[in-house]
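Derivation of every value follows stated rules applied to the coordinates shown; laboratory data play no part. In this text, all values refer to a predicted model and were calculated from it rather than measured experimentally. Ideal geometry is used to build each Cβ from the backbone, glycine not excepted, and the neighbour counts take in all protein chains shown.
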Amino acid sequence: MSAKLIMGTEIREEILEEIKKEVEEIKAKTGKVPGLVTILVGENPASISYVTLKIQTAHRLGFHEVQDSQPADISEEALLALIDKYNKDDSIHGILVQLPLPKHINEKKVLVAIDPDKDVDGFHPINVGRLMIGGSEVKYPPCTPAGIQELIVRSGQDTKGAEVVVVGRSNIVGKPIAVMMMQKGKGANSTVTVVHTATKDLASHCRRADVLIVAAGVPGLVKPEWIKPGACVIDVGVNRVGEKVSAKTGRPVPILRGDVDFDAAKEIAGSITPVPGGVGPMTITMLMKNTLNSLKFHLGL
Ligand code: NAD
């Protein structure tokens with residue numbers, strides 16, 4: 001039997017429409033719209049395309065969007081001064097510094113310079129602490145884990161008391177999603193196990209999972225026999241495994257694979273995210289939601 005596909009591309013559209021509607025309502029009531037600035041340092045092609053997509057999405061939702069591009073040789077001091085300017089700018093509710101930064105700039109120093117109440121990426125240590133405390137303390141959950149949780153909720157997966165196994169312990173995916181899934185609340189309240197490179201028997205842990213979240217960055221790591229029949233499988237991995245020529249543009253495009261052996265896994269799982277089209281589209285969507293929430297916090301709504 002084939003698993004139900006959890007399509008991030010469709011859930012993204014649903015959420016973006018909800019955000020757009022709310023932006024229009026707040027604008028009609030208060031005259032304010034969410035403001036998002038994206039600071040891009042240098043000309044890394046991948047960073048340019050991420051920033052462009054973020055700006056286009058913000059524009060589509062009626063946000064006030066600012067793209068601030070700086071040369072690769074900007075000094076750390078000048079970059080910190082720029083962040084300070086946006087921290088004080090009342091029309092800006094979300095500040096995003098596109099990573100990676102050039103080597104002469106200390107990334108940690110830059111990320112902590114962002115006002116935690118405008119840190120819509122959720123990477124500031126204060127927001128990491130708020131996430132750990134949980135409940136109403138949480139302001140800006142990091143975007144990829146927040147997207148994963150939306151996919152779980154909107155696909156109708158019951159998580160209360162469920163065995164959730166997270167493969168990977170990174171600061172941007174594994175650790176935060178593990179924390180989120182164990183908190184009380186909707187799409188959570190689970191019993192969580194985190195497995196990683198030092199775990200002795202990865203397969204036996206995965207086999208227990210009602211919800212298996214895989215963020216390892218290893219193509220095809222999770223084999224079909226590691227999946228409990230009927231489980232919900234969220235594949236966060238995005239791995240370039242080759243190149244093909246696009247039928248649309250005639251240009252070479254990367255072939256992407258997830259961390260799960262999708263074709264075999266979909267015959268065993270109850271539901272599963274594809275790669276691409278599953279978790280990927282959710283990250284920018286949740287960035288937009290965090291920026292809208294920031295406006296609401298700032299307006300006291
Ligand atoms: P990372 O390299 O920082 O962390 C990977 C984690 O997986 C590590 O904690 C490591 O212990 C664990 N791991 C690696 N190999 C393993 C193995 N063989 N067995 C058990 N554990 C293993 O990566 P990350 O930033 O967390 O990203 C993980 C994957 O998710 C990557 O493919 C990345 O491209 C993708 N990703 C996608 C999105 C998105 O779709 N929006 C966002 C972030 C990351």
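Normalised by residue count, the chain yields a Cα convex hull volume of 142 Å³ per residue. Rounded to the nearest 500, the 222 nm mean residue ellipticity of the chain from helices alone is -12000 deg cm²/dmol, with -39,500 (n - 2.57) taken per DSSP H run of at least 4 residues. Any idea how far apart residue 85 and residue 158 come out in nm if each label point goes 7 Å out from Cα toward Cβ? So the two model labels end up 5.5 nm from each other.
Only one residue of 52, 254, 217 has its Cα farthest out toward the positive end of the dipole of the chain, where Lys and Arg carry +1 and Asp and Glu -1 on Cβ, and that residue is 217.
Mean-square fluctuations from a GNM of the chain, with a 10 angstrom spring cutoff on Cα atoms, peak among 275, 214, 245 at 245. Sorted fewest first by neighbouring Cβ atoms within 10 angstrom, 93, 124, 64 come out as 64, 124, 93. Dipole size of region 142-301 about its Cα centre, with +1 on Lys/Arg Cβ and -1 on Asp/Glu Cβ: approximately 400 debye, rounded to the nearest 20. Taking the fewest neighbouring Cβ atoms within 10 Å as the starting point, the ordered list for 195, 260 is 195, 260.
Here region 155-202 is treated with +1 on each Lys and Arg Cβ and -1 on each Asp and Glu Cβ, and its dipole about the Cα centre works out to around 180 debye. Among the GluC sites (Glu not before Pro) in region 104-209, none sits in a DSSP loop with a Cβ that has at most 12 other Cβ atoms within 10 Å. Across the chain, C-alpha contacts under 8 Å between residues 6 or more apart give a mean separation that, scaled by the residue count, equals a relative contact order of 21 percent. Does region 232-301 classify as rounded, prolate or oblate by the C-alpha gyration tensor (a ≥ b ≥ c root eigenvalues; a/c under 1.5 gives rounded; else a/b over b/c gives prolate, otherwise oblate)? Since a/c reaches 1.5 but b/c is at least a/b, the shape of region 232-301 is classed as oblate.
Here 191, 57 are placed in order of increasing Cβ neighbour count within 10 Å, fewest first, which gives 191, 57.
Long hydrophobic helices in the chain: the complete DSSP H runs spanning 18 Å or more by Cα along their own axis with mean Kyte-Doolittle hydropathy of at least 0.0 are 282-299. Under a Gaussian network description of the chain, with springs only between Cα atoms under 10 Å, the residue in 54, 103, 20 that fluctuates furthest is 103. First check a/c for region 44-88, with a ≥ b ≥ c the square roots of the eigenvalues of its C-alpha gyration tensor; if it is under 1.5, answer rounded, and if not, answer prolate when a/b is larger than b/c or oblate otherwise. Because a/c hits 1.5 or more and a/b fails to exceed b/c, region 44-88 counts as oblate. Which of rounded, prolate, oblate describes region 87-205, given a ≥ b ≥ c as roots of the alpha-carbon gyration tensor eigenvalues and a/c under 1.5 marking rounded, otherwise prolate only if a/b is larger than b/c? Verdict is oblate for region 87-205.
Looking at region 206-301, the trypsin sites (Lys or Arg not before Pro) that sit in a DSSP loop and have at most 16 other Cβ atoms within 10 Å of their own Cβ are 208, 248. For region 32-139, the Cα gyration tensor yields ellipsoid semi-axes of 21, 18, 13 Å (square root of five times each eigenvalue, largest first, whole Å).
Direction-averaged projected area, Cα convex hull, region 148-301: 11.0 nm², rounded to one decimal. Annotation note: GluC sites (Glu not before Pro) in region 1-51 located in DSSP loop regions with a Cβ neighbour count of at most 10 within 10 Å are 43.
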